[in-house]
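A.B. asks: Okay, handing you the structure first.
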Ligand code: Z5A
């Protein structure tokens, strides 16, 4: 059997409550990594472009009601449908910057009252991230950011519960970054963390999440 000698890309996941700046920071990071000569690709969950993603989008925009368990499983299925292409991309040496992943799946569903371990189980075996950047933002600042309150979960009390569950999920490969400051200052901190992670994970095997 031929063993690949191509250094692999890193799986970098951004997590955080709503309006913590994940999308902004993911875009800036991709731009700066590309400028540094890295092969990099941006992904986002939920991926609203697939058939499953369309159902999720209708639910989030409140045009459709679904049982909480059904929604949870749809979010998970939306990640599983991307898994083979993610593996292929990483093995080809491209780093993936991912805006939300399985941790959001657990945090938002458990904040609605579902059992945390039940919520974890459908995502067991996904690719384990090399780094999770957790953006934490002061709740007052969060609510003042653009368009806050337009979607289903954008209520302060709910976001506090989500944040507390994210804290319970943290493991040593997570890095907390305060997202209260300016976009450029936050970006600089993230860029340093991610550059080190990309360097360190090149020859490490891809692992499975929570196995
Ligand atoms: N969800 C779930 O339940 N289960 C799952 O498995 C998954 C998700 C994966 C949609 O997700 C919902 O799905 C989400 C969780 C749930 N809950 N809700 N609602 P989404 O990721 O598609 O949500 P989004 O609405 O696209 O993103 P977001 O989280 O609300 O925002 P963000 O990406 O963290 O922030 P942003 O778009 O970069 O920034 C928001 C605004 O703030 C924007 O105007 C920026 O210019 C501004 N901003 C950003 N950073 C700063 C700083 N540092 N200073 C000042 N202003 C800033």
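A.B. asks: Please work out which residue is farthest from the chain's Cα centre (by Cα), limiting yourself to the stretch 1-27 and to residues that are touching a residue at least 12 places away in the same chain (Cβ under 8 Å) and more than 16 Å from the ligand (Cβ to nearest atom).
C.D. replies: Across the stretch 1-27, the extreme among qualifying residues is 4.
A.B. asks: Can residue 150 be described as modelled with pLDDT under 80, more than 15 Å from the chain's Cα centre (by Cα) and farther than 13 Å from residue 15 by Cα?
C.D. replies: Here the answer is yes, as residue 150 does meet what is asked.
A.B. asks: Quick one: in the stretch 123-143, of everything that is within 10 Å of the ligand (Cβ to nearest atom) and under 30 Å from residue 9 (Cβ atoms), which residue is surrounded by the most Cβ atoms within 10 Å (Cβ to Cβ)?
C.D. replies: Among residues in the stretch 123-143 that are within 10 Å of the ligand (Cβ to nearest atom) and under 30 Å from residue 9 (Cβ atoms), the one surrounded by the most Cβ atoms within 10 Å (Cβ to Cβ) is 137.
A.B. asks: Residue check: is residue 78 out of contact with any helix residue (DSSP H, G or I) (no Cβ under 9 Å at 6 or more places or on another chain) and within 11 Å of the ligand (Cβ to nearest atom)?
C.D. replies: no
A.B. asks: Inspect the stretch 106-113 for any residue being more than 9 Å from the ligand (Cβ to nearest atom), surrounded by fewer than 18 Cβ atoms within 10 Å (Cβ to Cβ) and farther than 15 Å from residue 134 by Cα and give the result as yes or no.
C.D. replies: Yes, some residue in the stretch 106-113 is more than 9 Å from the ligand (Cβ to nearest atom), surrounded by fewer than 18 Cβ atoms within 10 Å (Cβ to Cβ) and farther than 15 Å from residue 134 by Cα.
A.B. asks: Hey, another quick one. State which residue is modelled with the lowest pLDDT when the search covers only the stretch 28-66 and only residues that are within 8 Å of the ligand (Cβ to nearest atom) and either assigned to a helix (DSSP H, G or I) or touching a strand residue (DSSP E or B) at 6+ places or on another chain (Cβ under 6 Å) (or both). Break it down into steps so the answer makes sense when it comes.
C.D. replies: Quick first cut of the stretch 28-66, residues within 8 Å of the ligand (Cβ to nearest atom) only: 44-46, 48, 56, 60.
Still in the running and either assigned to a helix (DSSP H, G or I) or touching a strand residue (DSSP E or B) at 6+ places or on another chain (Cβ under 6 Å) (or both): 44, 56, 60.
On the way: 44: 98, 56: 98, 60: 95.
Top of the filtered list is 60.
A.B. asks: Output the residues belonging to the stretch 164-179 that are in contact with a strand residue (DSSP E or B) (Cβ under 8 Å, 6 or more places away or on another chain) and closer than 21 Å to residue 143 by Cβ.
C.D. replies: Of everything in the stretch 164-179, those that are in contact with a strand residue (DSSP E or B) (Cβ under 8 Å, 6 or more places away or on another chain) and closer than 21 Å to residue 143 by Cβ turn out to be 166, 176, 177, 178, 179.
A.B. asks: Another one. With (1) surrounded by 21 or more Cβ atoms within 10 Å (Cβ to Cβ); (2) in a helix (DSSP H, G or I) as the list, and residue 15 as the residue in question, which single condition is left unmet?
C.D. replies: It is condition (2) that residue 15 fails.
A.B. asks: Go through the stretch 182-203 and give me each residue that's in a loop (DSSP other than H, G, I, E, B), closer than 17 Å to residue 16 by Cβ and either away from the ligand (no atom under 11 Å from the Cβ) or at pLDDT below 95 (or both).
C.D. replies: Across the stretch 182-203, there are no qualifying residues.
A.B. asks: Could you list, in sequence order, the residues of the stretch 181-202 that are closer than 15 Å to residue 137 by Cβ and touching a strand residue (DSSP E or B) at 6+ places or on another chain (Cβ under 8 Å)?
C.D. replies: Hits for the stretch 181-202 are 186, 189, 190.
The values are calculated or read from the model by the stated rules, or taken from the named source; none is laboratory data. Owing to the predicted nature of the structure, the values given are computational and were not obtained by experimental measurement. So basically every Cβ, Gly included, is an ideal-geometry build from the backbone, and we count neighbours across all protein chains shown.
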